[in-house]
Amino acid sequence: MNCLFFFIFLISFLLSQSPTLSFHLYFCWRFRVHIINNLSLNNLVIHCFSYDDDLGRHELWWDEEFTFKIGQRAVGDTRVLCNVTKFGSNHVTSIDVFTNGIADKHCCQTRQCYWSARDDAIYFSNNDKNWNRWYNWT
């Protein structure tokens, strides 16, 4: 009983000392992932899957978006991989659209992960405004 009381006290104390830690523990485990077709002339074909689920194959027209919600696993890594192809091309680019690392470092503040397929590359944003080039087409 004393060990349990000490453990609860220790966790409560640590959370009270770190607003970032408490925010992360309580609010940074559910996310929305967006994949947007910003190719100028092509449809975008995507097939996304995780260890547990197949999210299916989707063909996105220009400016169309595929979105899904995901939560981080309590134990182990959460990963969603998408095979991305410009319609009519045989070249498939495989990209991680969600991992614990991406979520913790880049998406936690907004709980949003945005991916934009463009003619020159695939870009990432956590707010749909500030974009960074992440993946090149293979």
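When residue 69 is tested against (1) within 20 Å of residue 107 (Cα to Cα); (2) surrounded by 11 or more Cβ atoms within 10 Å (Cβ to Cβ), just one condition goes unmet, and that condition is (2). Note on the stretch 107-117: residues that are touching a strand residue (DSSP E or B) at 6+ places or on another chain (Cβ under 8 Å), open to solvent by less than 50 Å² (accessible area, probe 1.4 Å) and not in a strand (DSSP E or B) total 1.
No other residue among 77, 104, 120, 54 is out of contact with any Ser or Thr (no Cβ under 6 Å at 6 or more places or on another chain), without any contact (Cβ under 8 Å) to a residue 60 or more places away in the chain, open to solvent by 60 Å² or more (accessible area, probe 1.4 Å) and closer than 14 Å to residue 29 by Cα apart from 77. For the stretch 29-63, the set of residues classified as among the acidic types (Asp, Glu) and at positive phi consists of 63 only. Against the test of being part of a strand (DSSP E or B) and either modelled with pLDDT under 95 or over 19 Å from the mean Cα position of the chain (by Cα) (or both), the options 31, 66 yield a single qualifying residue, 31.
The set of residues in the stretch 37-53 that are under 18 Å from residue 89 (Cα atoms) and of a type outside the set (Ser, Thr, Tyr) comprises 37, 38, 39, 41, 42, 43, 44, 45, 46, 47, 48.
Restricting attention to the stretch 15-25, which residues are part of a helix (DSSP H, G or I) and either at pLDDT 95 or above or more than 18 Å from the chain's Cα centre (by Cα) (or both)? Steps first, please.
From the stretch 15-25, those part of a helix (DSSP H, G or I) are 15-17, 19-25; that's our starting set.
Listed by number, the residues that qualify are 15, 16, 17, 19, 20, 21, 22, 23.
So that you can scan it fast, the table gives a plain yes or no per residue for (1) touching a strand residue (DSSP E or B) at 6+ places or on another chain (Cβ under 9 Å); (2) part of a strand (DSSP E or B); (3) among the hydrophobic types (A, V, I, L, M, F, W, C):
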| residue | (1), (2), (3) |
| --- | --- |
| 35 | yes, yes, yes |
| 45 | yes, yes, yes |
| 49 | yes, yes, yes |
| 58 | yes, yes, no |
| 81 | yes, yes, yes |
| 84 | yes, yes, yes |
| 97 | yes, yes, yes |
| 101 | no, no, no |
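Within this structure, residue 77 fails the test of being in a loop (DSSP other than H, G, I, E, B), on the phi > 0 side of the Ramachandran plot and not basic (Lys, Arg).
The values are calculated or read from the model by the stated rules, or taken from the named source; none is laboratory data. All of these numbers come straight from a predicted model, not from anything done at the bench. Virtual Cβ from ideal backbone geometry, glycine too; neighbours counted across all protein chains shown. Remember, those area values only see protein heavy atoms, side chains included, never the ligands or the DNA or RNA. Shrake-Rupley method; radii C 1.70, N 1.55, O 1.52, S 1.80 Å.
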